[in-house]
Amino acid sequence: LAVKANAYGHGLVPLAFAAVGAVAHELAVLEVPAALTLRRAGITAPLFAWLHGASTDFAEAIEQDVDLGVSALWQLEAIVGAFRGKPARVHLKADTGLHRNGASPEDWPGLVAAAVAAESAGQLTVAALWSHLADASPEDDADALARFHEAVAVAASLGCTPPMLHLAASSAGIRMPD
């Protein structure tokens, strides 16, 4: 369940506790500071943060068991640079048409190869491959789903087959079960 942007104005911490108490098994937030706020408040459910700036505190995120979205090689390098003996859990993001973040088809193989090397070195675990739909139209979302499958195939050809794949947007989560 995504509780980004202060849970869309409803209060990050209260909504997170309500969600975990009701149905949510995992929570997603936009940025690491929100994830750390939830950890400090006592949320123990798995957390995922995916939008990072140059000053993101990856070391604390890793220490606090926050899964990290990785959209670019510089992010992966910063996460590896924050390694202090505990491997990060990362979700590699492919750009499938939203163009907000995510590795482009040209950059994807290099990002995946670097992640595979860092995983082999014990510095991180690739927990998932993912993307986000633009949700522009059913046709656009179908095209993005096809691009996601292509990115997954490229990752597999490079030895990256994590246990989880995720691709969503609010309305697509309702109308596209695949």
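The values are calculated or read from the model by the stated rules, or taken from the named source; none is laboratory data. If you're wondering where the values come from, they're calculated on a predicted model, not measured in any experiment. Cβ placement follows ideal geometry from the backbone for every residue including glycine, while neighbour counts extend to all protein chains displayed. We work out accessible area using only protein heavy atoms, side chains counted, and drop any ligands, DNA or RNA first. Shrake-Rupley method; radii C 1.70, N 1.55, O 1.52, S 1.80 Å.
Quick one: count up the residues across the stretch 1-17 that are at pLDDT 90 or above and either surrounded by 16 or more Cβ atoms within 10 Å (Cβ to Cβ) or hydroxyl-bearing (S, T, Y) (or both). Walk me through how you get there before you give the answer.
Initial filter on the stretch 1-17 (at pLDDT 90 or above): 11-17.
Going one step further and asking which of them are either surrounded by 16 or more Cβ atoms within 10 Å (Cβ to Cβ) or hydroxyl-bearing (S, T, Y) (or both), we end up with 12-13, 15-17.
Residues meeting the conditions: 5.
So for the stretch 137-152 (the condition being at pLDDT 95 or above, out of contact with any Pro (no Cβ under 9 Å at 6 or more places or on another chain) and among the hydroxyl-bearing types (S, T, Y)), does at least one residue qualify?
Within the stretch 137-152 (the criterion being at pLDDT 95 or above, out of contact with any Pro (no Cβ under 9 Å at 6 or more places or on another chain) and among the hydroxyl-bearing types (S, T, Y)), the answer is no, since none of the residues qualifies.
Can you find a residue that is open to solvent by 10 Å² or more (accessible area, probe 1.4 Å), within 22 Å of K4 (Cβ to Cβ) and in a loop (DSSP other than H, G, I, E, B) anywhere in the stretch 135-151?
The answer is yes, given that some residue of the stretch 135-151 is open to solvent by 10 Å² or more (accessible area, probe 1.4 Å), within 22 Å of K4 (Cβ to Cβ) and in a loop (DSSP other than H, G, I, E, B).
Give me the pairs: first residue in the stretch 98-122 and farther than 20 Å from L51 by Cα, second residue at pLDDT 95 or above and assigned to a strand (DSSP E or B), beta-carbon distance under 8 Å, and six or more apart or on different chains, which are they?
Within 8 Å, the pairs are V116/V126; A118/L124; E119/T125; E119/V126.
Scanning the stretch 130-169 for residues that are free of Cβ contacts under 8 Å to residues at least 60 places away in the same chain and touching a Lys or Arg at 6+ places or on another chain (Cβ under 8 Å), which turns out farthest from A61 (Cα to Cα)?
P138
Return only the number of the condition from (1) assigned to a strand (DSSP E or B); (2) hydrophobic (A, V, I, L, M, F, W, C); (3) open to solvent by less than 40 Å² (accessible area, probe 1.4 Å) that V112 does not satisfy.
(1)
If a residue has to be loosely packed, with under 13 Cβ neighbours inside 10 Å, modelled with pLDDT of 95 or more, outside any helix (DSSP H, G or I) and at negative phi to count, how many in the stretch 27-54 make the cut?
Start the filter on the stretch 27-54 by keeping residues that are loosely packed, with under 13 Cβ neighbours inside 10 Å, which leaves 40-42, 44, 53-54.
So of that shortlist, the ones also modelled with pLDDT of 95 or more come out as 40-42, 44.
With outside any helix (DSSP H, G or I) added as a condition, the list becomes 42, 44.
Imposing the further condition that a residue be at negative phi reduces the set to 44.
Result for the stretch 27-54: 1.
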